[in-house]
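S.K.: Supplied in structure tokens, the structure appears directly below.
Any read-out appearing in this document is the output of simple, stated calculations on the displayed coordinates, not a laboratory observation. Predicted, not measured: the structure shown is a model, and the values here were computed from it. No Cβ is skipped: glycine too gets one built from the backbone with ideal geometry, and neighbour counts run over all protein chains shown.
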Amino acid sequence: MWKISSSSSRSQFRIRRSPPTATWSLRCVEDIVFEKNCEQERRRKSVGRFGFYFPTMINFVLLISRQGKVRLTKWYSTYSQKERTKVIRELSGVILSRGPKLCNFVEWRGYKVVYRRYASLYFCMCIDPDDNELEILEIIHHFVEILDRYFGSVCELDLIFNFHKAYYILDEILLAGELQESSKKTVARLIAAQDSLVETAKEQASSISNIIAQATK
Amino acid sequence: MNPFSSGTRLRDMIRAIRACKTAAEERAVVRKECAAIRAAISENDQDYRHRNLAKLMFIHMLGYPTHFGQMECLKLIASAGFPEKRIGYLGLMLLLDERQEVLMLVTNSLKQDLNHSNQYIVGLALCALGNICSAEMARDLAPEVERLLHGRDPNIKKKAALCSIRIIRKVPDLAENFMGPAASLLKEKHHGVLIAGVQLCTDLCKANTDALEYLRKNCTEGLVRILKDVSNSPYAPEYDIAGITDPFLHIRVLRLMRMLGQEDADSSEYMNDILAQVATKTESNKNVGNAILYECVETIMGIEATSGLRVLAINILGRFLSNRDNNIRYVALNMLMKAITVDAQAVQRHRTTILECVKDSDASIRKRALELVFLLVNDGNVKPLAKELIDYLEVSDQEFKGDLTAKICSIVEKFSQEKLWYIDQMFKVLSLAGNYVKDDVWHALIVVISNAPDLQGYSVRSLYRALQTSYEQESLVRVAVWCIGEYGEMLVNNVGVLEVEEPMTVTESDAVDAVEVALKRHSSDMTTRAMSLIALLKLSSRFTPTSERIKEIVTQHKGSVALELQQRSIEFNSIIQRHQNIKSSLVERMPVLDEAAYLGKRAGSSQPTLSAEKSSKPTTSAASLKLPNGVAKPPAAPLVDLLDLSSDDAPVLPSAPNDFLNDLLGIGLPNSSSSGAAPSTTTDLLMDLLSIGTSPAQNGPSDSNVVPSSAKAAESKPAPVTAPVMDLLDGLPSNASPPRDENLVYPTITAFESSTLKIAFSFEKQPEKPQVTLISATFTNLSSSTLTNFIFQAAVPKFVQLHLDPASSSTLPANGNGTITQSLRVTNTQHGQKPLAMRVRMAYKFNDEDKLEQGQISNFPPGL
């Protein structure tokens, strides 16, 4: 028989799509998608050795505005561009329509999405069904607090115009879908150090380019 | 020069895009920007490369294609400066995913950067690797990452540890290399490194049993100490959240403890004390504390904890349940569902609270609670629970009713100890949410009523009463109409009155009224109307005074647009008018339906004796309504002739004229000659009675050539059942049907079943070609909406050849009201050595939404 996860077994399967009712002879062959979906599904459903699901990771992080505009996306599991667009569309529909008093968890396609609203922004994280939802809420808050310290009472506009900085900060907090640093101070320190590196490099560059510019005149 | 500090240009672009009033304007701005960036790329412009990439990232976030910028990321990463690398790596993580081939080109740059002397550049490379590395990259770069784990800088170490997690997830074989370094990470003091190290250990345990054993031996002690230290630590401002020092570390250590303590008494024993301490001492008035308690409870449930500890854990969940915060209640329900396997008794204690959660205003909580209640039901508590749920059914949201009804029905069916209670509960559900009750549920109810002679009177009276208030519940109307048709006289004469009943008087014309309303209500669907017509016919013989009126009602439908109704009314009219002498025997009460056979059939057991029956189920149940209408039903006139013939020339049919007629009318009585198929015929009666019959009738072929046109009708059904019908209708000798006697017989299987879809496979094989199997697949829609654009695909292992014939249709009507059939020819080139297997995928549109379902079929009967 076959093993689903090993890549060698892929070639074992040939897929046929049944012809549409109208055209009898037409038969088209389609390979990749089915296989991949199967594999993903299987991996997702894979049960631990003891028949127990283990919590794993954050699959993606999403910041959506009240109007449904995307402000930040970070994907830790593999999603194609097409899937990403679809996920964003689906989730923003679900989350934005939820009332204020309801719980912060939405079950979605076998995953759970933990979201939390800060002013006009929704911070969403998609996790595996057995992860600790309450902790994810804390991680979201942790992220927001660090943003707040960095920008000085952060607002949506800060995240729009300095979106890359929001990404840098997120990269210091999460890595590979797992928490990296629990100290806000450490994150702030690391970001500041890297920012100053950029500053020095910029100063140098501008002075050199000035020289070049003057030289070429 | 740098876009972000001087950065007017990036800012300007964002401003311009934000100023756009319409989507078209925005597209225009983006198009212009993209064109400029493309031009800059083709000129190989160095100065603005990072600014352009930053713009591209913003454009990408808006959802526009940006693939042309991917190479720019690589160029930036390859350049020497930190600012360029920083933005380059960000672009790499944002614009690319691990499936793009471009990614392979970056491996070399990554390798160089991992060996860079600047710690921040190493950090960037690790971050990128951890977020998007593919299996190939993981293999290539694992040694570098492993080396970094031994380094000195804590920031590099924690990043390297998390990066290793990704590497192990991609290539589990590499886990062994990381065991030693991971264990040594747990001895660190820096919290970031500890957190990363604990997570790495957790993932190692998942990937590899050796690693689990190794860590269990070497780290349990250390872990317990870490947890002790962190939970006893004095106020530490850097890590403090709401009075708790580093809850994230707490949670991660607890999680790893769960991995190590699972099925291992020694290490569990070692953890008991600290777990008890965390469970009792953690403050639960803030979310952070609850997050830790939640994780702690899960760990206690996961390991071999002492019973006292388990009680403590369940009590924590009980507290959670009564918390006012919805989030806490949600996780409590979630956890109780897992706890129920460990200690069902303890969970039972919180039944009332859980039941309250079913009525919550939050859909997420309701759903969880309902699932939990379903697990909680047992013989002892089914009555109060069912009562609560049914009471709630009345006030619940429309969108929740479907789920709720299904669960109530299955609870009631599964745990009912007495028929009266079952019937009562079902009546309540039917009158509150009859529209959500699935067909098989009310079919089962009818079978039960038919088997309970002492409750039939009670049933029909209750139904009549319920009908007065709930005419809009389709399923209720159907059951009521059926019962009134069958047991009408019990309704009028108050037969078998139970003590609990209130007395009531119903006249014969009242009963007819009730059925007439059901027939004429415009929201009634065809099945209901057809059932009403049959009920009227039955009543006409039972209530002689109303006979004239019934005749009129029936006559009104002679001109019905629905062919089915028109035909029935013409046939019935002819019976009422011209065949008084046989009418009473014709419309006799249904024989008792075989409960066991029906239940067996519902359970979908694939015993060979039932195989033929099962394959015919989708067609006979409801689709046969379609059949006479859609395909080639014999016109009504010849049928009347046939009736004439049979009554006038009774001797022509010496066997059993009534049976013959009944079969034609679909209100059949058990056919004496078909006793060979004994267990299944009776069940079929139920199906027949709902529609025009296809019950086996093996009466003489002599007169059936009156309706030669019906051959087609028979053809559209699966072969095994059609044979007798064909004999009856077009007089073909039985061997005209495919020579199935020579075929090997295989049981029909349910190849696939989900909430929306069911697929049954029946098999045929010719003895001379053992490799070749003909499979006819029958698709049934179990949901309440029509599925369109239905496409079925199948995949087989290499040693099998597959040929798919086109499907009979691409639209699948709702509620099993029709089926699609499709035949497959499978050639197993290794017949006898390897069993057949198949994967299937169904794509369809459900409520205008594209859906995809797939499954693997491995329950093929042996020998295929």
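S.K.: Return B:His579, B:His50, B:His557 ranked ascending by Cβ neighbour count within 10 Å, so the fewest neighbours appear first.
M.R.: B:His579, B:His557, B:His50
S.K.: For the pair B:Gln566 and B:Glu283, what calculated FRET efficiency results from E = 1/(1 + (r/R0)^6), where r is the Cβ-Cβ distance and R0 = 51 Å, to the nearest 0.05?
M.R.: Computed FRET efficiency for B:Glu283 and B:Gln566 comes out at 0.10.
S.K.: I need A:Val61, A:Val94 ordered by Cβ neighbour count within 10 Å, fewest first.
M.R.: Lowest to highest Cβ neighbour count: A:Val94, A:Val61.
S.K.: Next up: Out of region B:183-281, which chymotrypsin sites (Phe, Trp or Tyr not before Pro) are coil in DSSP terms and have no more than 15 other C-beta atoms within 10 Å?
M.R.: Loop-located and lightly packed - B:Tyr235.
S.K.: Let me ask something else about it. Give me the one-decimal nm value for the distance between modelled label points at B:Val342 and B:Thr306, 7 Å along each residue's Cα-to-Cβ direction.
M.R.: 1.5
S.K.: Loop only by DSSP, 15 or fewer other Cβ within 10 Å of the Cβ. Give me the GluC sites (Glu not before Pro) in region B:51-122 that pass, ordered by residue number.
M.R.: In loop regions of region B:51-122 (DSSP not H, G, I, E or B), the sparsely surrounded GluC sites (Glu not before Pro) are B:Glu101.
S.K.: A follow-up question, please. Can you give the relative contact order of region B:419-586 as a percent, counting alpha carbon pairs under 8 Å and 6+ residues apart?
M.R.: Value for region B:419-586: 17 percent.
S.K.: What percentage of all Cα-Cα pairs in region A:48-157 are separated by more than 18 Å?
M.R.: 50
S.K.: Also: Which length gain, in nm to one decimal place, applies between B:Ser755 and B:Leu375 when the Cα-Cα distance is subtracted from 0.36 nm times their residue separation?
M.R.: That works out to 134.9 nm of additional length.
S.K.: Grab the Cα-Cα distance for B:Glu269 and B:Gln119, subtract it from 0.36 nm times how many residues apart they are, and report the gain in nm with one decimal.
M.R.: Extra length from B:Glu269 to B:Gln119 when fully extended: 49.8 nm.
S.K.: Now a separate question. Let me have the relative contact order for region B:1-96, percent, based on Cα pairs under 8 Å that are six or more residues apart.
M.R.: RCO, region B:1-96: 25 percent.
S.K.: FRET efficiency for B:Asp325 and B:Gln766, Cβ-Cβ distance as r, R0 = 45 Å, nearest 0.05?
M.R.: Computed FRET efficiency for B:Asp325 and B:Gln766: 0.10.
S.K.: Note down the nm distance, to one decimal, between modelled labels 7 Å out along Cα→Cβ at A:Val144 and at B:Arg27.
M.R.: About 3.6 nm separates the two model spin labels.
S.K.: Please compute, for peptide A:168-174, the average count of beta-carbon atoms on other protein chains lying within 10 Å of each residue's beta-carbon.
M.R.: Partner-chain Cβ atoms within 10 Å, mean over residues of A:168-174: 4.
S.K.: Using a 7 Å offset from Cα along Cα-Cβ at B:Met104, what residues in region B:141-183 end up with backbone N under 17 Å from the label point?
M.R.: Hits in region B:141-183 for B:Met104 at 17 Å: B:141.
S.K.: Further question on the same structure: Need one number: the % of Cα-Cα pairs in region B:16-174 sitting beyond the 27 Å mark.
M.R.: Value for region B:16-174: 30 percent of Cα pairs lie more than 27 Å apart.
S.K.: Step through the residues of region B:764-771 one at a time and calculate ³J(HN,Hα) from phi using the Karplus curve (6.51 cos²θ - 1.76 cosθ + 1.60, θ = phi - 60°), rounding each to whole Hz and writing x for Gly and Pro.
M.R.: After applying 6.51 cos²θ - 1.76 cosθ + 1.60, I find 9, 8, 9, x, 6, 10, x, 6 Hz.
S.K.: Moving on. Averaged over B:250-257, how many beta carbons belonging to a partner chain fall within 10 Å of each residue's beta carbon?
M.R.: For this peptide, the per-residue mean of nearby foreign Cβ atoms is 2.
S.K.: Determine the dipole magnitude for region B:256-399: charges of +1 sit on the beta-carbon of Lys and Arg, -1 on that of Asp and Glu, nothing else is charged, the reference point is the Cα centre, and the result goes in debye to the nearest 20.
M.R.: With only Lys, Arg, Asp and Glu charged at Cβ, the dipole is about 400 debye.
S.K.: For the pairs A:Lys86/B:Lys75; A:Lys202/B:Lys189; B:Lys367/B:Lys438; A:Lys86/B:Lys55; A:Lys74/B:Lys338, note any where the Cα-Cα span goes beyond 25 Å.
M.R.: A:Lys86/B:Lys75; A:Lys202/B:Lys189; A:Lys74/B:Lys338
S.K.: Quick query: amide H of B:Met838 versus all other amide H atoms, modeled in the peptide plane; which residues come in under 5 Å with a sequence gap of 5 or more or a different chain?
M.R.: B:Ile857
S.K.: Could I ask something else about it? What's the exposure ranking of B:Tyr487, A:Tyr115, A:Tyr79, going from fewest to most Cβ atoms within 10 Å?
M.R.: A:Tyr79, A:Tyr115, B:Tyr487
S.K.: Could you give the nm distance between label points at A:Trp108 and B:Thr827, where each point is 7 Å from its Cα heading toward the beta carbon?
M.R.: 4.8
S.K.: Then there's this: Which cross-chain or sequence-distant (5 or more) residues have an amide H under 5 Å from the amide H of B:Ala751, H modelled 1.01 Å from N in plane?
M.R.: B:Ile759, B:Ala760, B:Phe761
S.K.: Using a Förster distance of 41 Å, how high is the FRET efficiency between A:Cys155 and B:Asp525, based on the Cβ-Cβ distance and rounded to 0.05?
M.R.: Efficiency computed from Cβ-Cβ geometry: 0.15.
S.K.: Starting from the Cα-Cα distance between B:Glu552 and B:Glu499, subtract it from 0.36 nm times their residue separation and give me the gain in nm to one decimal.
M.R.: Residue separation times 0.36 nm, minus the Cα-Cα distance, leaves 15.3 nm.
S.K.: A follow-up question, please. Please list, in order along region B:209-225, the HN-Hα scalar couplings obtained from phi with the Karplus expression 6.51 cos²θ - 1.76 cosθ + 1.60 (θ = phi - 60°), rounded to whole Hz, x for Gly and Pro.
M.R.: 5, 4, 4, 4, 4, 4, 5, 4, 6, 9, 10, 3, 4, x, 4, 4, 5
S.K.: Within 10 Å of each Cβ of A:128-137, how many other protein chain Cβ atoms are there on average?
M.R.: So the per-residue partner count for this stretch is 6.
S.K.: With an 8 Å cut-off on Cα pairs and a minimum separation of 6 or more residues, tell me the relative contact order of region B:470-524 in percent.
M.R.: 39
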